Amino acid sequence: MPLGELNAVCNKCGARFRARPTRSFLGFQKLVCPKCVQKLLYPLTSGYRAIYWVIVVLVGFSLAGYLFGKGDVLWPGVTGIAALMGAILGLFRDVQIRKTIATLSA
């Protein structure tokens, strides 16, 4: 499903514009400012955010069960840790982008 157009603000030149975003590797919305050609990232959509939280919870419980339980890992170790780190990175970056957008929009 294609993304709808966003009302955006450039964090470099402050230009306000409307554009249709594309997706970055981690699912962020990518835009390009038409005035200064700055590449912008906009926050995750709610679906991506929910998926990242599910990954954090599932892998977190799996790792906690491994560390404090019987020693059984529900996911292969390297894959689980990579998924956990990617999800945490995505959620952390999402919070940063949302704060930046909120200050620019105010």
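The values are calculated or read from the model by the stated rules, or taken from the named source; none is laboratory data. On a predicted model such as this, the values are computed, not experimentally measured, just so you know. Cβ placement follows ideal geometry from the backbone for every residue including glycine, while neighbour counts extend to all protein chains displayed.
Quick one: would you say GLY47 is of a type outside the set (A, V, I, L, M, F, W, C) and buried (at least 16 other Cβ atoms within 10 Å of the Cβ)? It is false that GLY47 is of a type outside the set (A, V, I, L, M, F, W, C) and buried (at least 16 other Cβ atoms within 10 Å of the Cβ). Between LEU31, LEU91, the distinction of being surrounded by 15 or more Cβ atoms within 10 Å (Cβ to Cβ) and outside the structural domain of GLY4 (by TED's automatic domain parsing) belongs to LEU91 only. Number of residues in region 29-38 that are in a strand (DSSP E or B) and among the hydrophobic types (A, V, I, L, M, F, W, C) equals 2. Can you confirm whether VAL54 is aliphatic (A, V, I, L, M) and within 26 Å of MET85 (Cβ to Cβ)? So VAL54 passes the test. In the set ALA19, ALA8, ALA83, ALA15, only one residue is in contact with a Pro (Cβ under 9 Å, 6 or more places away or on another chain), surrounded by 15 or more Cβ atoms within 10 Å (Cβ to Cβ), farther than 15 Å from ARG98 by Cβ and in contact (Cβ under 8 Å) with a residue 12 or more places away in the chain; that residue is ALA19.
Of the candidates LEU41, LEU26, the single residue that is of a type in the set (A, V, I, L, M, F, W, C), surrounded by 15 or more Cβ atoms within 10 Å (Cβ to Cβ) and not in a strand (DSSP E or B) is LEU26. Screening region 67-106 for residues that are touching a Gly at 6+ places or on another chain (Cβ under 8 Å) and aliphatic (A, V, I, L, M) and picking the one that is modelled with the lowest pLDDT gives VAL73. In the set ALA50, ALA102, ALA83, ALA64, only one residue is under 21 Å from PRO2 (Cβ atoms), part of a helix (DSSP H, G or I) and of a type in the set (A, V, I, L, M, F, W, C); that residue is ALA50.
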